[in-house]
Amino acid sequence: MGIPLIDLSGALQSGAPHSPAVTAVATQLRQACMGTGFFYVLNHGVPTEVIARQFALAQQFFDLPLADKEAISLHRSPSMRGYESLGGQTLDASARPDLKESFYCGLDYAADHPYVQRGYHSYGCNQWPEALPDLAVHSRTYIAAMQQLALRLMQLLALSLHLPEDFFDHTHQSPMLTLRLLRYPPHPEGADALTFGAGEHTDWGAITLLAQDRHGGLEVKLPDGEWAAATPVDGALVVNLGDMIPRWTNGLYRSNPHRVRNVHSGDAPRHSIPFFYTPDHEAQVVPVPTCVPAGEAPRFEPCTVGEHLQAMYRKTYGMGHATTSASAAVMA
């Protein structure tokens with residue numbers, strides 16, 4: 001079993017749920033989601049130049065002096081937006097700190113938004129580097145493009161579950177969106193088996209859309225326990241399911257572990273750009289009817305999106321702390 005490639009040609013527009021192209025994509029999605037929980041999407045509608053520009057700005061950001069980056073540290077942000085330094089995260093508690101640095105941003109929510117007023121994490125304002133004003137402008141363009149694709153993928157997932165196309169639409173009112181820019185230095189020569197760019201983990205939200213550079217390094221744990229390289233495919237994005245989807249599908253669809261090792265030949269860093277889509281904090285996550293056999297009780301209790309993220313945080317860290325965008329979204 002490998003990571004399938006799904007061509008979205010003819011399936012990006014809603015309103016024709018029974019067209020041959022949409023039916024074919026829904027069938028392929030179902031197979032992928034029951035297997036690896038990972039798949040590539042081609043002809044996804046996000047312009048090549050939008051992705052290329054985001055990579056160029058990411059490189060410019062990471063090339064800034066450390067003092068400029070630390071000035072917008074995510075630890076200065078109530079909504080956990082900003083810069084995270086090298087070794088600032090350990091995704092696998094049994095491994096060494098991750099060899100990566102990153103920058104978080106997302107939708108700007110005004111101070112008078114109810115979720116900001118209630119103190120929900122991941123709802124608030126971004127921090128942007130003064131020395132790179134184009135980053136804010138273009139990141140908003142990138143987020144809008146990825147949000148549109150994520151919402152369409154949620155509709156296609158609904159169809160793959162034999163549900164109405166708009167089944168999940170009501171959960172998109174005030175979504176939790178996180179865009180993360182990542183840079184991994186070359187893998188250290190002679191590093192031990194506990195050294196990773198990003199340790200083994202699953203994502204906690206709904207779906208992740210990943211753009212990666214030509215160096216690769218992402219590895220996916222298949223259901224049989226073997227690791228497979230998510231080799232970059234020209235023009236394609238990597239999509240994976242987060243832990244919310246198994247809960248929504250009563251365990252039918254999978255959220256598989258993955259990790260990163262920047263082991264390509266040469267001394268260049270690896271860049272990747274994951275976009276994490278998580279629905280509205282107060283949306284209900286209830287196992288869908290097509291995934292609960294007649295006469296059986298659901299495997300998961302109903303909860304809100306926020307309660308799911310809090311439960312994942314407690315499971316990972318053993319604490320009753322409210323979840324943050326950094327921990328809830330995780331990375332790829």
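May I ask you to give the solvent-accessible area per residue for segment 1-48, in square angstrom, as obtained with a 1.4 angstrom probe? Before the final figure, lay out each step's value.
Details: 2270 Å² over 48 residues.
Computed with neighbouring chains in place, this is 47 Å² per residue.
Just checking the listed ones, HIS44, HIS170, HIS258: in the Gaussian network model of the chain with Cα springs under 10 Å, the one fluctuating most is HIS170.
Remark on LEU42: its backbone amide H falls under 5 Å from those of ILE6, ASP7, LEU8, a criterion applied only to residues 5 or more positions apart or on other chains, H modelled at 1.01 Å from N.
Rounded to the nearest 0.05, what FRET efficiency do ALA24 and GLN173 give with R0 = 30 Å and r taken as the Cβ-Cβ distance? Could you check?
Numbers: r = 30 Å, r/R0 = 1.02.
Working from the Cβ atoms, E equals 0.50.
Here, segment 30-105 has an Rg and a Dmax of 16.6, 47 Å when only alpha carbons are counted.
Split the accessible area of the chain by element, probe 1.4 Å, and carbon with sulfur accounts for 53%. At q = 0.30 Å⁻¹, what is the base-10 log of I(q)/I(0) for segment 110-149 according to the Debye formula with one equal point scatterer per Cα and no solvent? Please give it to two decimals. The calculated log intensity ratios at q = 0.30 Å⁻¹ are -0.91.
For the chain, the membrane-span-like helix rule (DSSP H, alpha carbon extent of at least 15 Å along the helix axis, mean Kyte-Doolittle at least -0.5) picks out 20-34, 48-62, 133-160; this says nothing about an actual membrane. Kirkwood hydrodynamic radius of the chain, from the reciprocal of the average inverse Cα-Cα distance over all distinct pairs: 20.1 Å.
Each Lys or Arg adds one and each Asp or Glu subtracts one; over the other residues with Cβ under 10 Å from the Cβ of GLN155, this totals -2. Largest mean-square fluctuation among PHE276, PHE167, PHE62, in a Gaussian network model of the chain whose springs join Cα atoms under 10 Å apart, belongs to PHE167. Segment 80-163 gives an Rg/Rh value of 1.07, both radii derived from C-alpha positions and Rh following Kirkwood. Over segment 1-131, the hull volume per residue, using the convex hull of the C-alpha atoms, is 196 Å³. Normalised per residue, the accessible area of segment 175-300 is 37 Å², obtained with a 1.4 Å probe and no contribution from ligands, DNA or RNA.
Each listed q (0.14, 0.19, 0.22, 0.23 Å⁻¹) maps to a log10 I(q)/I(0) for segment 160-271, found by the Debye formula over equal Cα scatterers with no solvent: -0.69, -1.12, -1.35, -1.42. Work through the residues other than THR171 whose Cβ is under 11 Å from its Cβ and net out their charges, Lys, Arg +1 and Asp, Glu -1. Charge balance near THR171 sits at -4.
What distance in nm separates the two pseudo spin-label positions at GLN13 and SER85, each 7 Å out from Cα along the beta-carbon direction? Placing both labels 7 Å beyond Cα along the Cβ direction yields 5.2 nm.
The values are calculated or read from the model by the stated rules, or taken from the named source; none is laboratory data. Here the structure is a predicted model, which means the values were calculated and not measured. All Cβ positions, glycine included, derive from the backbone under ideal geometry; neighbour counts span all protein chains shown. Keep in mind that these areas ignore ligands, DNA and RNA; they rest on the heavy atoms of the full protein, side chains included. Shrake-Rupley method; radii C 1.70, N 1.55, O 1.52, S 1.80 Å.
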